[in-house]
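Enquirer: One structure follows; several queries about it will come next.
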Amino acid sequence: PKKKKKMETNNIHGAILVVLLCALSLADSTTNEEQDQAICKVSVHWEKKPLITTNSTPSLQVVVMPTMFPNSPVREAQLNALRNLGDECSPVFWQSWYAYPRTGVAELKPGVWDFSHITPLLQGMLNALGEKRELCLQFGTIPQWMINGTQGQKGLHRNYPENIEEIVWDEREGCTNGGLGPIPEPCPPSNLTQVAEYFARFVAYYTKGGFTDDNGVFHKGYNYSIPWFEFGNEMEYGQTAKQFTIQHDAVAKAVKDVQQNMKFLGLGAGQNVYLSKESPTSFTYNLSYFEYFLDHNNHNIASPLADAIDYHFYATLELQRSNPDTYTNLFPAVDDFLDAAKAIKRVRDELSPKTKIFLKELGVILPGDNAPGETPIPDVYWNAASAYWAYLYARLAVIGTDVISMSQLAGGIPNCTANVANGCEDYHNTTSCTCVGSNYASVSMLRWDKGGIPTTRYWLLKMLVSEFGNREKKIYETVSSTVNCHGADTNGISASVMVQGIEVDGLKKILVVNKLNAEQKIMFEDSDAQSGIFVFVDGSNAAKEGTFSNGSLLLKAWGIYVLHLGKN
């Protein structure tokens, strides 16, 4: 049933021991000029019972992009960045998708198996993760020739580009709208048993040393340890909840027959599945997919319910690509989304409390991300997007989300050539445009145009992993004063700043996020938060330490800070 949002507020705010200064410099927090500013007073109720005890692991999604291909000059920089996030950044989600068919589909034509472009990418991932981190393999594209009707015939007879960097947007033409658009008409496979067998063979190739195909040919593979698998992505084939559940169960059973220890991530619900735009700044949410999939009565007992469910969120409302003033809309978008997240958790708690909740794709998509000739992304965007993600992480941790994953390691701007006289106005139309290279630049954690150096988003995630990782965290009630906090309400939620107390490893830490594109000063009323150290990054370098005193801290625009306060 469709449920109306109530815009809940929460009296908790995010926390971490690190200060991500998303500004270019860190100034002293006690200058005379700043003393004249209005001060927002905050306090953490360490003496009370924690609001929740949770592991809430920060992690990331790695989407296959040409910048990761073997001939890319930034490939090694990207793999090193992944490696350097540390062992507690786990599981990591690897998604190879339909936009690049030769790296996203292993059987583009019936009986013609080709792993040559996939294997180097997977090997690079596994080497970067090492032995202690888990990989979730999201390889969910069904070969187009297996789809029923005209789509299947198109896939059967089409000639795929030899250039593996060429984007094939129409691989799912007629099957998906994606994003916030309505779910399209179903585009089902013609033979579900055949589809399930395809994915089982794919898993066998990489985890069981190989498989024998329909012609009796053995394809020698590998024996890699891959503990997680996910089928499908954002209902790209227009599945109803019942259709997806049937497909998921068939694939899960076939894969389980090959690899008994495999764990499954289910749903992969995009915003088109559970959110509808109600106004320029708000959503309504629909729980029907979660209610159906999480009901054990809707699954074949031989095909067990997934070990975890997955759904996605990208802030998109009321943003202008090159206007930083609109970036403040990122934070109310989180508040709006949190109503849906809480409702989904209630459904999980009622129907399948042992099923974990992973949010695999969390980020921002700016308007015109892949459009030819679009304006460049301002540098300040990376700071605003980082503050947004720190806020999102903290709010999701408060409701006990198991894994909170940043999307995505790599992205970029495609290079598009017009095939017709009127140019590439619709870059998704391969008749009018030929596009090569990476895409969705605004979700990237690394600069595709600067040798693969990290953006502020990468340094934020690295700090969160270092400070909190997959360890147990106790989250405490935090209160903002209702005066001089730019609209703080009686529950402690402030329009300008988020402050969250978190205990990890017996140590008290406070995460502070400035939600404004302006400086502001805050004052800690806690006796044990009068002085100490914090960690910060300036957007282009690894974390550094700073100090605060007199219980006050000057927050730079979009600043993210984590304070260390000692033992609780």
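The values are calculated or read from the model by the stated rules, or taken from the named source; none is laboratory data. Values in this document were obtained by computation on a predicted structure and should not be read as measured data. With ideal geometry, Cβ positions are generated from the backbone for all residues, glycine too; neighbour counts draw on all protein chains shown. What goes into the accessible areas is simple: the full protein's heavy atoms, side chains included, and nothing from ligands, DNA or RNA. Shrake-Rupley method; radii C 1.70, N 1.55, O 1.52, S 1.80 Å.
Enquirer: Kindly list, by first and then second residue, each pair from a residue in region 117-140 that is within 15 Å of Asn80 (Cα to Cα) to a residue that is part of a helix (DSSP H, G or I), limited to pairs with Cβ atoms under 6 Å and residues at least 6 apart or on different chains.
Expert: Gly124/Leu79; Ala128/Leu79; Ala128/Leu82; Ala128/Arg83
Enquirer: Based on this model, can you work out whether Ser405 counts as outside any helix (DSSP H, G or I) and under 29 Å from Pro50 (Cα atoms)?
Expert: Yes, satisfied.
Enquirer: Can you run down the residue pairs with Cβ atoms below 7 Å, 6 or more apart or on separate chains, where the first is in region 143-166 and aliphatic (A, V, I, L, M) and the partner is surrounded by fewer than 14 Cβ atoms within 10 Å (Cβ to Cβ)?
Expert: Met146/Ser190; Met146/Asn191; Ile147/Ser190
Enquirer: Taking the residues in region 163-181 that are among the aliphatic types (A, V, I, L, M) and open to solvent by 20 Å² or more (accessible area, probe 1.4 Å) as candidates, determine which candidate is modelled with the lowest pLDDT.
Expert: So the residue we want is Leu180.
Enquirer: Same structure, new question: Modelled with pLDDT of 95 or more and part of a loop (DSSP other than H, G, I, E, B): is that true of Ala106 in this structure?
Expert: Yes: the conditions hold for Ala106.
Enquirer: Can you name the strands (runs of 3 or more DSSP E) wholly within region 501-565 that have at least 1 residues being open to solvent by 10 Å² or more (accessible area, probe 1.4 Å) and of a type in the set (A, V, I, L, M)?
Expert: Of the strands (runs of 3 or more DSSP E) lying wholly inside region 501-565, those with at least 1 residues that are open to solvent by 10 Å² or more (accessible area, probe 1.4 Å) and of a type in the set (A, V, I, L, M) span 507-514, 520-524, 532-536.
Enquirer: From the set of residues in region 415-449 that are in a loop (DSSP other than H, G, I, E, B) and under 25 Å from Trp389 (Cα atoms), which is farthest from the chain's Cα centre (by Cα)?
Expert: Asp449
Enquirer: Next up: Please count how many residues of region 182-236 are within 20 Å of Ser116 (Cα to Cα), part of a loop (DSSP other than H, G, I, E, B), open to solvent by 20 Å² or more (accessible area, probe 1.4 Å) and in contact with a helix residue (DSSP H, G or I) (Cβ under 8 Å, 6 or more places away or on another chain).
Expert: The number of residues fulfilling the criteria is 5.
Enquirer: List pairs: first residue in region 40-69 and under 30 Å from His117 (Cα atoms) and in contact (Cβ under 8 Å) with a residue 60 or more places away in the chain, second residue buried (at least 22 other Cβ atoms within 10 Å of the Cβ) and of a type in the set (Lys, Arg) anywhere in the structure, Cβ distance under 7 angstrom, at least six positions apart or on different chains.
Expert: Gln61/Lys360
Enquirer: Considering only residues that are modelled with pLDDT of 95 or more and assigned to a loop (DSSP other than H, G, I, E, B), look in region 455-485 and name the one that is most open to solvent (accessible area, probe 1.4 Å).
Expert: Here the residue is Glu472.
Enquirer: Now for a different question. When the residues of region 349-398 are narrowed to those that are open to solvent by 30 Å² or more (accessible area, probe 1.4 Å) and within 17 Å of the chain's Cα centre (by Cα), which ends up modelled with the highest pLDDT?
Expert: Lys356
Enquirer: So, of the residues in region 255-270 that are in contact with a Lys or Arg (Cβ under 9 Å, 6 or more places away or on another chain) and outside any strand (DSSP E or B), which turns out to be least open to solvent (accessible area, probe 1.4 Å)?
Expert: In this case the residue turns out to be Met262.
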